[in-house]
Amino acid sequence: MNQIIWIARHANRLDFVNPDWFLTAERRYDPPLSDDGMVQAKQLATRLKGEKITHIFASPFLRTVQTANAVAEILDLPIKLETGLSEWLNIEWMTEEPEKLSTPVLAKLFPRIDISYTSRIAAQYPETQEKVRQRSGQTARCLAAEFFPDDILLVAHGASVLGSAMGLVGEIAKSEVKASLCSLVKVVRQDSEWLLELKGDTSHLSQIEEVVRFA
């Protein structure tokens, strides 16, 4: 029996457009989407309309929740917050553990969030590149197995998109997947084998980034 795992990176973030935002932000490691990022998220949602996705999982960072919410609105689905899909908690990027909005606060802002869902995999600050790949890969395998044979969508970050793909198809993803902003990876299970069908597709976007940033 076949199963499709869609993996999307969040859309453009405000601090990429306005780096000075970081200087006065209350939660400086949890930026929202930029205006053009909101457009990208809606274009991603339009791309996924009609696909047989039955579950949406998102990293609990604001930008991933906003991206997932745009898709959830189109597909009329709840959002499950999964810590295992979180940003790479890189000590070189973050001088302390990132502060995020709590699940109850996020659920008030985004009523589609399923507050009954409990994350399957934890993320612990700080972590190495190897650790984030292991953590997100384990998350992808766990969710694919638990919700088999349903098609699911994971909304994550650059490093955790790549790690999720590697967790399913192996090391080949490291050289094949290009996790640019609001891109799509498609991994298909055929019997016991995982096949990489989309490697970071951005054909649904009217505007794409020129340089892929894992930041």
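The values are calculated or read from the model by the stated rules, or taken from the named source; none is laboratory data. These numbers were taken from a predicted model, which means no experiment stands behind them. All Cβ positions, even for glycine, are placed from backbone atoms using ideal geometry, and neighbour counts span all protein chains on display.
Okay, residues lined up against (1) surrounded by 12 or more Cβ atoms within 10 Å (Cβ to Cβ); (2) of a type outside the set (Val, Ile, Thr):
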site: Leu62; (1), (2): yes, yes
site: Asn69; (1), (2): yes, yes
site: Ala72; (1), (2): yes, yes
site: Gly84; (1), (2): yes, yes
site: Glu87; (1), (2): yes, yes
site: Ile91; (1), (2): yes, no
site: Ile113; (1), (2): yes, no
site: Ser119; (1), (2): yes, yes
site: Gln124; (1), (2): no, yes
In the stretch 126-156, residue surrounded by the most Cβ atoms within 10 Å (Cβ to Cβ) [restricted to those that are β-branched (Val, Ile, Thr) and either at pLDDT below 95 or in contact with a Gly (Cβ under 7 Å, 6 or more places away or on another chain) (or both)]: Thr139
Of residues in the stretch 160-192 being over 27 Å from Glu127 (Cβ atoms) and modelled with pLDDT of 95 or more, the one surrounded by the most Cβ atoms within 10 Å (Cβ to Cβ): Arg189
Selected residue (only one of Leu62, Leu23 is hydrophobic (A, V, I, L, M, F, W, C) and under 26 Å from Gly137 (Cβ atoms)): Leu62
Selection within the stretch 160-190 - assigned to a loop (DSSP other than H, G, I, E, B) and either of a type in the set (A, V, I, L, M, F, W, C) or without any contact (Cβ under 8 Å) to a residue 60 or more places away in the chain (or both): Gly170, Glu171, Val177, Lys178, Ala179, Leu181, Cys182
